[in-house]
Amino acid sequence: MNSETYRLIKLNIQVISVIFSILVNSILIYLIIKKSPINMGTYRHLMAYFCCCSIIFGVFDVIVQPNVQTYKSAFFMVVDVKQRNMSVGLGKFCVYGLCGCFGVAIYGIAIHFVYRFFALERRGRIRYFQGFYLAFWFVIPILGGVAWFLVTAMVFPKTKLETEYIRIAVRETFDIDIDDCVYNAGVFFPLDETGKRVIGWDSFAGFTCYLSIMTIPFTIILIFGFKSWKIVRELLDHGESEYSKNLQMQLYRALVAQTLVPLVLLFIPFGLLFSLPIFEIDCQFLAAIITLIFAIYPAVDPLPILYFVDYYRIPVIEAFKRTKCKKNRVSMNPDGSVTFE
């Protein structure tokens, strides 16, 4: 597949994905507002907030249209700003913003797990998600995104050594000149002016920062997820009604699925993309797949909630049934014939 064909396929997938993401997330926001039971509390606000984050994620992706690749000891994301008549400043901001969506997504999931645990244990700590406190929880994912944004913008080097190291790979893979691009790259072992292999300490520092930023929410997810799972298992033993247990199980399954989606589609693949170049292991094929998966993620992310939670799934199914019935409506004509409307 040549670079032009790949570019067109990638663009079509990105455009379709962002349209689908806006549509599905908007439907889910409507259902959350209109169909959520009262006892779901402020959790519905968190879910609606997360839907908005997914929409922003998708919009950033279609604006940036990133080209992700690896080459020897380097991983990089490039955007051809010249071809798209985009200013260098705007191009950089969009690239950093798209990367910042990682932090927003994973910290948002971690907050969901904290809320679910507080709601399940019923010790009154759910009040910390009400009123002024709710605004505080909304800020945390943004701070996670800002941290990822700043590491991407400030820690990873964009010097002449890195530019020359990836120049040929960018030309051969995407058929664009690195001088016409804005890019973000980590090069663990660049070559100096004499061609000698040196250690890219800044890239290692940036890689360490990425891991540190992600360690906090992943730890929270593991701890609170396990504790919530234990409580859900014991709900009936504690005298809970079937209604309450079913609702809690639906929300918990949706939350677990919403964790697995970014874990499988984003963080494991990108973890490999970031780490394998340290050992100069070729993962160019993986990078091409990741670029497409990156575009699909915002559209896939809300599906677990729509599927697992009855309050949202059933209205969607009923809406489809009503639409189908209208299409297949039958009327009797005066002459005795039947008309399908």
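The values are calculated or read from the model by the stated rules, or taken from the named source; none is laboratory data. Values in this document were obtained by computation on a predicted structure and should not be read as measured data. When we count neighbours, we look across all protein chains shown, and the Cβ atoms used for this are built from the backbone with ideal geometry, even at glycine.
Looking at (1) in a helix (DSSP H, G or I); (2) within 30 Å of D180 (Cβ to Cβ), which is the one condition that is false for Q69?
Of (1) in a helix (DSSP H, G or I); (2) within 30 Å of D180 (Cβ to Cβ), only one is false for Q69: (1).
If we keep just the residues of the range 52-65 that are surrounded by fewer than 23 Cβ atoms within 10 Å (Cβ to Cβ) and either assigned to a loop (DSSP other than H, G, I, E, B) or touching a residue at least 60 places away in the same chain (Cβ under 8 Å) (or both), which is farthest from the chain's Cα centre (by Cα)? Before the answer, list the steps.
Going residue by residue through the range 52-65, those that are surrounded by fewer than 23 Cβ atoms within 10 Å (Cβ to Cβ) are 52-53, 55-56, 59-60, 62-63, 65.
When the remaining residues are screened for being either assigned to a loop (DSSP other than H, G, I, E, B) or touching a residue at least 60 places away in the same chain (Cβ under 8 Å) (or both), the result is 53, 55, 62, 65.
Details: C53: 8, I55: 10, V62: 13, Q65: 15 Å.
Within the range 52-65, the match that is farthest from the chain's Cα centre (by Cα) is Q65.
Could you check the range 134-149 and list, in sequence order, the residues that are in contact with a helix residue (DSSP H, G or I) (Cβ under 8 Å, 6 or more places away or on another chain) and either under 14 Å from F102 (Cβ atoms) or among the β-branched types (V, I, T) (or both)? Steps first, please.
Applying the first criterion (in contact with a helix residue (DSSP H, G or I) (Cβ under 8 Å, 6 or more places away or on another chain)) to the range 134-149 yields 134, 137-138, 140-149.
Passing the criteria: I140, P141, I142, L143, G144, G145, V146, A147, W148, F149.
Does V104 meet the test of being more than 25 Å from G200 (Cα to Cα) and hydrophobic (A, V, I, L, M, F, W, C)? Break it down stepwise before answering.
On the way: more than 25 Å from G200 (Cα to Cα): yes; hydrophobic (A, V, I, L, M, F, W, C): yes.
When the stated conditions are applied, V104 passes them.
Just to be sure I understand, how many residues within the range 79-116 are crowded, with 17+ Cβ neighbours inside 10 Å and not hydrophobic (A, V, I, L, M, F, W, C)?
The qualifying residues number 12.
Residues that are over 23 Å from M214 (Cβ atoms) and in contact (Cβ under 8 Å) with a residue 12 or more places away in the chain: does the range 91-108 have at least one?
Residues of the range 91-108 over 23 Å from M214 (Cβ atoms): 91.
Add one more test, that the residue is in contact (Cβ under 8 Å) with a residue 12 or more places away in the chain, and what stays is 91.
Yes, the range 91-108 contains a residue that is over 23 Å from M214 (Cβ atoms) and in contact (Cβ under 8 Å) with a residue 12 or more places away in the chain.
Just give me the residues in the range 276-306 being at pLDDT 90 or above and aromatic (F, W, Y), in sequence order.
F279
Within the range 1-51, how many residues turn out to be among the hydroxyl-bearing types (S, T, Y), touching a residue at least 24 places away in the same chain (Cβ under 8 Å) and within 22 Å of Y297 (Cα to Cα)? Reasoning before the result, please.
Step one: of the range 1-51, the residues among the hydroxyl-bearing types (S, T, Y) are 3, 5-6, 17, 21, 26, 30, 36, 42-43, 49.
Narrowing further to those that are touching a residue at least 24 places away in the same chain (Cβ under 8 Å): 3, 6, 17, 21, 26, 36, 42-43, 49.
Adding the requirement that they be within 22 Å of Y297 (Cα to Cα) leaves 6, 17, 21, 26, 49.
The qualifying residues number 5.
Cβ-Cβ below 8 Å, separation at least six or inter-chain, first residue in the range 177-198 and within 22 Å of V78 (Cβ to Cβ), second in a loop (DSSP other than H, G, I, E, B) and among the aromatic types (F, W, Y): which pairs?
As it stands, the answer is N184/F156; A185/F156; G186/F156, since those pairs meet every condition given.
For the list (1) on the phi > 0 side of the Ramachandran plot; (2) at pLDDT 90 or above, I need the number of the one condition that V114 fails.
Looking at each condition in turn, V114 falls short on (1).
Any idea which of (1) under 30 Å from L247 (Cβ atoms); (2) modelled with pLDDT under 95 is the one L11 doesn't satisfy?
(1)
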